[in-house]
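To start, the structure itself, in structure tokens.
Derivation of every value follows stated rules applied to the coordinates shown; laboratory data play no part. A quick note: this is a predicted structure, and the numbers were derived from the prediction, not measured. Here the Cβ positions follow ideal geometry from the backbone for every residue, glycine too, while neighbour counts run over all protein chains shown.
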Amino acid sequence: AAIDAVNAAGGGLVLLSEGTFVIDTPMATKTGVVLAGMGKGSTIIQLEAGMGVSLTSILEATTQSNIGIQDLTIDGNKAAQAGAFQFPGIVFDAVTNAVIRDVIVKNLYDDAESEASIEIKGGASSGCVIERCGIFDCESLWNVEITGGSGHVVTENRIVRDVTTNIDSILCGASSCK
């Protein structure tokens, strides 16, 4: 509701307080909205226990512009999930001028290893920045996957893998990625 209201007002900040916000469907951000927490580890968006289903993501945006996600943790809660599931933590599809900054993505499991922890896709995507993020204990094929668009920047990120996997990578298949 807050994201829709800020978007309708022309954009601005949606500030989440400290604490854990449990969700059972993807949270979508919209044009002009910056979704911000009170810091990594202080504001946590966590997938509800026992989901056991495939989701499109935990946080997502499609054909939006001038958006941001910052200062929070995204937790897939993989130890509490029932059965196989697969989804990325963040997906931006055909998004322009977006920033993901100071975000931790953790505890994702992908039984098919076909998703990324953070994914930027779509040929119309441009100017997306992934900065000072951490990816921890995620069993996805790619930690950061950029497969479309141009002018993306990936910088100062930290990736720590579960020792049971040997995949530790950033895939940048976009035409212009720094």
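Miscellaneous remarks
- Highest-first arrangement of 12-23, 57-68, where packing means the average Cβ count within 10 Å: 57-68, 12-23
- Whether segment 1-76 is rounded, prolate or oblate, judged on the alpha carbon gyration tensor where a/c under 1.5 counts as rounded: oblate
- For THR62, the residues whose modelled amide H falls within less than 5 Å of its own, excluding neighbours fewer than 5 places apart on the same chain, are ASP93.
- Using a simple spin-label model with pseudo-atoms 7 Å out from Cα toward Cβ, MET38 and ASN97 lie 3.1 nm apart.
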